[in-house]
Amino acid sequence: MTETYDADRDPEFGDFDDNDYDGDQLDLAERLSLRRVAGMSTQLTDISEVEYRELQLERVVLVGVWTSGTQTDHDNAMAELKLLAETAGSEVLDGLVQRRTHPDPATYIGRGKVDEVREVVIATGADTVIADGELEPAQLRNLEDRIGVKVIDRTALILDIFAQHAKSIEGKAQVELAQLQYLRQRLRGWGGNLSRQAGGRAAGGAGIGGRGPGETKIETDRRRIRTRIAQLRKRLREMDAVRDTKRSERRRNQVPSVAIVGYTNAGKSSLLNRLTGAGVLVENALFATLDPTTRRTQTSDGRVFTLTDTVGFVRHLPHDLVEAFRSTLEESADADLLVHVVDASDPDPAGQITAVRTVLGEIGATDVAEQIVFNKVDLVDDATLLPLRTLAPDAVFVSARTGEGLEALRDRIEERLPRPEVEVDVLIPYARHDLVDRIHRTGEILSTEHTGDGTRIVARVNPNLAGELAEFPRASA
């Protein structure tokens, strides 16, 4: 995923219109550029060729198993699955839920319920069934054989959305890696005519090493997948080196970093745009942005820090995705502060917080300081906000759309950023204005006085800069 470090849009280098904080949104315009023109359709009848058929959204039926929690919890989970399916480009026709102590090991929902699902599929004309869980390969095969249509699980659905929205070279490679890791255990054969493959002169009944059953087609496919996975991992390691170089540059200059994390569609990109004018893609869809974007900004006293918009999380985020995106997600683990954005209008904000913290634990970011921010407060009333204040007493309530609460958020971020450790009192010659600039950018100015011999500065700076300033005589009291 491409990490962008751009100072041109920083508030201190160039103003941006507060009324257009989302920027030009060129990515969104490109994504929505293909539009159907009303009244231009000529529907042909009795035409069976594929190129003349009417283009329709995939029609799906949702299936879930309720094993624990309240009915409200499972209703929220099914509503989220519906949003995922619609984001992937499908039309949801119906949703079915079964209460069980645990999913059936053979068919996920049980033999009798499979027949009921098949009846619903036939009645609605659906062509796909989506299960709210990760299906084992045997469950997937059994469901497809008995229902007669394509069956996918929640993991495959999320991977499909990531594949649609990945646009950078690194993002596409990470998604492909996750898809191949998922597919490797779920290959199945499609007929005996391709079931065996032998080399040499085996086809003629001869050839050393060619006699016997040979290598099955599935084994060949798995071998190719393993080879491709190795290639992708090597490519991602090379891309990681570029990201590490950028990170090391910020570490060398000791620039504090803030990572914006949170549930998908909680408003992280909108918040970054509002704070820095980054122009990051904003769309009311799950996983609309996958590529992390970094922008530089500054505190009210002039200290520079970076804000990074990261990929959104979701309940039960596929393990293969976490592994594939680990290098990108580790941007959060390396941050000095996590701004955890929560959708205040969501029916289950506590579930969002738990899901995000689960993923942060997997990448080793649990020790990073966290600031809860409830976004979209313009969509809820005071009665809804009251339990949220109890849920997170130190939270900040904002609206990235209206700008409400953003000043309080800026003050809270500035307050929680790490402060320079060493206090210095130096007299810097006018010829070394570069050091004065560095003190302003990375330090905390306590007082400044211009004298005939130079600029006297009392400030708090980082140890590295304090070492460079040690060669200058301490100003007299």
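The values are calculated or read from the model by the stated rules, or taken from the named source; none is laboratory data. Given the structure is predicted, the values throughout are model-derived calculations rather than measurements. Cβ atoms come from the backbone with ideal geometry, glycine included; neighbour counts cover every protein chain shown. Remember, those area values only see protein heavy atoms, side chains included, never the ligands or the DNA or RNA. Shrake-Rupley method; radii C 1.70, N 1.55, O 1.52, S 1.80 Å.
From the list Thr442, Thr448, Thr390, Thr455, which residue is modelled with pLDDT under 80 and of a type in the set (Ser, Thr, Tyr)? Of Thr442, Thr448, Thr390, Thr455, the one residue that is modelled with pLDDT under 80 and of a type in the set (Ser, Thr, Tyr) is Thr442.
Residues in the stretch 327-348: is at least one in a loop (DSSP other than H, G, I, E, B) and on the phi > 0 side of the Ramachandran plot? No, the stretch 327-348 contains no residue that is in a loop (DSSP other than H, G, I, E, B) and on the phi > 0 side of the Ramachandran plot. The requirement of being of a type in the set (Ser, Thr, Tyr), open to solvent by 10 Å² or more (accessible area, probe 1.4 Å) and modelled with pLDDT of 80 or more is fulfilled nowhere in the stretch 244-255; no residue meets it. Restricting attention to the stretch 73-115, the residues that are more than 21 Å from Pro318 (Cβ to Cβ) and within 26 Å of the chain's Cα centre (by Cα) total 2. Within the stretch 59-88, residues that are basic (Lys, Arg) have Cβ atoms under 8 Å from residues that are in a strand (DSSP E or B) in these pairs: Arg59/Ser90; Arg59/Glu91; Arg59/Leu93; Arg59/Thr128; Lys82/Leu62; Lys82/Val92; Lys82/Gly95, counting only partners at least 6 apart in sequence or on another chain. In this structure, is Lys172 closer than 23 Å to Leu317 by Cβ and without any contact (Cβ under 8 Å) to a residue 12 or more places away in the chain? So Lys172 fits the description; yes.
Regarding Pro387, is this residue within 22 Å of Asn265 (Cα to Cα), open to solvent by 30 Å² or more (accessible area, probe 1.4 Å) and more than 24 Å from the chain's Cα centre (by Cα)? Considered against the rule, which asks whether it is within 22 Å of Asn265 (Cα to Cα), open to solvent by 30 Å² or more (accessible area, probe 1.4 Å) and more than 24 Å from the chain's Cα centre (by Cα), Pro387 comes out as yes. Closer than 23 Å to Glu331 by Cα, of a type in the set (A, V, I, L, M, F, W, C) and open to solvent by less than 40 Å² (accessible area, probe 1.4 Å), is that true of Leu360? It is true that Leu360 is closer than 23 Å to Glu331 by Cα, of a type in the set (A, V, I, L, M, F, W, C) and open to solvent by less than 40 Å² (accessible area, probe 1.4 Å). Taking the criterion of being within 18 Å of Glu144 (Cα to Cα), assigned to a loop (DSSP other than H, G, I, E, B) and of a type in the set (Ser, Thr, Tyr), the only residue of the stretch 88-133 that qualifies is Thr107. Residues of the stretch 365-375 include none that is β-branched (Val, Ile, Thr), part of a helix (DSSP H, G or I) and open to solvent by 30 Å² or more (accessible area, probe 1.4 Å). Among the residues of the stretch 336-354, those identified as open to solvent by less than 10 Å² (accessible area, probe 1.4 Å) and of a type outside the set (Val, Ile, Thr) are Leu337, Leu338, His340, Ala344, Gln352. Within the bounds of the stretch 106-114, is there any residue that is among the hydroxyl-bearing types (Ser, Thr, Tyr), under 18 Å from Asn142 (Cα atoms) and touching a helix residue (DSSP H, G or I) at 6+ places or on another chain (Cβ under 9 Å)? Yes; the residues of the stretch 106-114 include at least one that is among the hydroxyl-bearing types (Ser, Thr, Tyr), under 18 Å from Asn142 (Cα atoms) and touching a helix residue (DSSP H, G or I) at 6+ places or on another chain (Cβ under 9 Å).
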